[in-house]
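Working notes, structure below.
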Amino acid sequence: MTGYRWSKQRWRPAAQDSVLAVAQDPSQRQPLLRVPVTVLGLLAVFAIVYTAEVMASAQTLNVIFARFAFYPARYSAHFISTHSVDPGSLFDRAVPFFSYMFLHESLTHFLINVVWIALFGWIVARRCGGLVFLSLFIVCGVIGALIELAFDWGAVAPFLGASAGAAGIMAAAVRIFRYPIFRNDGRAPLIPILSIRVLIWSLGWAAFNSVAALTGLGAGAGSHTVAWQVHLGGFATGLLLVGPFLAARNWMLGDVIERRSA
């Protein structure tokens, strides 16, 4: 039965009071835009970098790619010695492990990664916070570069794009998502790795990337076209690390609260 509260004007349902309270208190409203600022900020950086790529001259774009894209050949001593290439300083060789994620080869490549991160990133950022979201994205991207280095050692073709980080964020979201997601859902446990949901997503992702490796998804077969191994590695990294990252965040927050209350 619907509850009623007494009002001097008239009887009215308790549910109506709740609706009025939400209307009067903006803090109780559900946000119209559910994508957190951290995710929007990351996507904005992607957009700025891609715009710079489009506006740059061919010569400038070659310089940008030479310095910030990930070239496995840069780390091959044999390639460096036989081609008399200067790989740069240790810093120069470390930067591409991070910077390659912000470069995209085409508008389609850019839009796929932007939509991909937007679809799953808000789930991770709202549950884990912006710092964990960005850290997990970057770590998955670095692992993706290492996987590319292992599979295509000495390759001259540049590797770029946010797909490894996006795959990791997607995997983390698979373990996090519970409907509906509220602001105080931080106490809800993660979906176990061996659960049916995670296994189905993992098998589906593996099957999709197997097809991509064999067919190139219309762009021609071969791992140089679709980085299937990087996609799988990023996904596995996200599945495994979202738990430790979230635990570290909760531990740090608990320590801060404890010190403030002392």
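Summary of values
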| read-out | value |
| --- | --- |
| Test: residue in segment 180-188 that is aliphatic (A, V, I, L, M), under 24 Å from Met252 (Cα atoms) and modelled with pLDDT of 90 or more | no |
| Single condition Leu33 does not satisfy, out of (1) assigned to a helix (DSSP H, G or I); (2) modelled with pLDDT under 95 | (1) |
| Contacts under 8 angstrom Cβ, first residue in segment 151-177 being free of Cβ contacts under 8 Å to residues at least 60 places away in the same chain and surrounded by fewer than 24 Cβ atoms within 10 Å (Cβ to Cβ), partner of a type outside the set (S, T, N, Q) and in a loop (DSSP other than H, G, I, E, B), 6 or more apart | Phe177/Ile191 |
| Condition met for Val49 (at pLDDT 95 or above, in a helix (DSSP H, G or I) and over 19 Å from Pro158 (Cβ atoms)) | no |
| Any hit, segment 88-97, residues being outside any helix (DSSP H, G or I), closer than 17 Å to Ala227 by Cα, touching a residue at least 40 places away in the same chain (Cβ under 8 Å) and within 28 Å of the chain's Cα centre (by Cα) | no |
| Neighbours by Cβ (under 8 Å, 6+ apart or cross-chain): first from segment 195-210, of a type in the set (Val, Ile, Thr); second surrounded by 15 or more Cβ atoms within 10 Å (Cβ to Cβ) | Val198/Val174; Val198/Arg175; Val198/Ile191; Val198/Leu239 |
| Total residues in segment 210-262, condition farther than 16 Å from Ser135 by Cβ, touching a helix residue (DSSP H, G or I) at 6+ places or on another chain (Cβ under 6 Å), at pLDDT 90 or above and aliphatic (A, V, I, L, M) | 2 |
| Test: Glu105 is without any contact (Cβ under 8 Å) to a residue 60 or more places away in the chain and among the acidic types (Asp, Glu) | yes |
| Residue identified as of a type in the set (A, V, I, L, M, F, W, C), crowded, with 19+ Cβ neighbours inside 10 Å, closer than 24 Å to Phe245 by Cβ and in contact (Cβ under 8 Å) with a residue 60 or more places away in the chain among Ile123, Ile147 | Ile147 |
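The values are calculated or read from the model by the stated rules, or taken from the named source; none is laboratory data. As the structure is a prediction and not an experimental result, all values here were calculated from the model. FYI the Cβ positions are ideal-geometry reconstructions off the backbone, even for glycines, and counts take in every protein chain you see.
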